[in-house]
1. Could you derive backbone 3J(HN,Hα) for the range 78-92 from the dihedral phi with the Karplus parameters 6.51, -1.76 and 1.60 (θ = phi - 60°), listing whole Hz in sequence and x where the residue is Gly or Pro?
2. Given Met219, Tyr71, Ala238, which one lies farthest toward the positive end of the charge dipole of the chain, if we put +1 on the Cβ of every Lys and Arg and -1 on the Cβ of every Asp and Glu?
3. In whole percent, how big is the carbon plus sulfur part of the accessible area of the range 120-210, probe 1.4 Å, protein atoms only?
4. Need one number: the % of Cα-Cα pairs in the range 22-170 sitting beyond the 28 Å mark.
5. Dipole of the range 15-94 (Lys/Arg Cβ +1, Asp/Glu Cβ -1, origin at the Cα centre): which of Leu87, Thr39, Ala17 lies farthest to the positive side?
6. Taking the Cα centre of the chain as origin, sum charge times position over the Cβ atoms of Lys and Arg (+1) and Asp and Glu (-1), and report the length of that vector in debye to the nearest 20.
7. Simple spin-label model, 7 Å along Cα-to-Cβ: Val49 to Asp256 in nm?
8. With no solvent and one equal point scatterer placed on each C-alpha of the range 125-181, evaluate the Debye formula and give log10 I(q)/I(0) for q = 0.12, 0.20, 0.28 Å⁻¹, two decimals.
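The values are calculated or read from the model by the stated rules, or taken from the named source; none is laboratory data. Keep in mind it's a predicted model, so treat the numbers as computed, not measured. Methodologically, a virtual Cβ is constructed for each residue, glycine included, from the backbone with ideal geometry; neighbour enumeration extends over all protein chains shown. Just the protein is used for accessible areas: all its heavy atoms, side chains included, with ligands, DNA and RNA removed. Shrake-Rupley method; radii C 1.70, N 1.55, O 1.52, S 1.80 Å.
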Amino acid sequence: MRLSIEVSLDYTLTAPADILLQIEAAAMADQWLEEQSLTIWSDHGVTAVPGEDGIGQRCWVRADHALSARYKAVVVIDRPVHDLHVLPATPARALPGVLIPYLLPSRYCESDKLEGFVRARFGGLSGGALAAALVDWVKTRMTYRAGSSQGVTTALDTFASRTGVCRDYAHLLVALARAAEIPARCVSAYAPGVDPPDFHAVAELWLDGRWHLVDATGMARADEIALVGVGRDATDIAFMTIFGEAQLCEQSVRVDRLD
């Protein structure tokens with residue numbers, strides 16, 4: 001799968017601020033960059049830093065009055081898709097230490113508050129069968145509705161309302177998986193067919209010794225998702241974090257299949 005990605009960002013600032021951008025597709029074993037260009041208009045230098053878990057790249061930008069950025073890339077994705085149902089369970093005690101943060105509650109994924117629900121609703125399932133059941137539950141019980149959530153909406157809020165956008169689907173699935181003792185993390189990504197076109201959020205579940213991409217909204221398959229960054233929740237994967245205040249002027253994201 002080859003994807004063409006085009007991103008345009010234009011913001012004004014009320015005062016000078018530091019900005020952390022995370023909009024570049026990551027170079028990985030199962031996806032590589034055939035073409036890529038990132039242009040940032042700034043009166044100051046731009047500093048690149050690694051993303052969470054060493055995946056992808058972020059950029060520090062200092063903006064005085066405005067921020068404008070343009071990103072273009074052609075990404076080739078060669079990612080196998082596994083049937084979650086047949087993957088075995090891994091006891092928590094056997095997991096590598098680096099996965100422990102993805103078993104624990106985080107700011108937007110209060111997995112400890114959902115443990116009772118998972119035990120009652122999915123008791124008797126384990127491993128990939130349990131993971132697949134959680135994905136199906138989120139996909140069938142949730143309603144995608146633009147504007148139905150805010151930046152402070154958590155997985156528990158979404159569990160109660162049963163509505164949200166891709167960020168909320170990812171948070172809820174991640175929280176449920178952690179409550180089921182399956183390591184899970186949030187993923188920022190690009191994908192074709194996202195409606196409305198925008199930065200996309202999906203989840204990754206750790207099963208049988210590797211991460212598996214899952215889009216609980218059902219809008220994208222794992223083999224057509226261009227991963228940007230990973231983290232505990234939206235705090236870590238935001239495409240832009242502003243240490244100050246900014247106002248949106250214009251923003252667009254376009255992702256097209258080339259094959």
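1. 10, 10, x, 10, 9, 6, 4, 4, 9, 7, x, 7, 10, x, 4
2. Met219
3. Values: 1600 of 3320 Å².
So the carbon and sulfur contribution to the accessible surface is 48 percent.
4. On the way: 4625 of 11026 pairs.
Value for the range 22-170: 42 percent of Cα pairs lie more than 28 Å apart.
5. Of the candidates, Ala17 comes out farthest on the positive side.
6. Details: 23 positive and 33 negative charges, 153 e Å.
I would put it at about 740 debye.
7. Taking the two extended label points, one gets 3.6 nm.
8. Here the Debye-derived log intensity ratios amount to -0.26, -0.66, -1.12.
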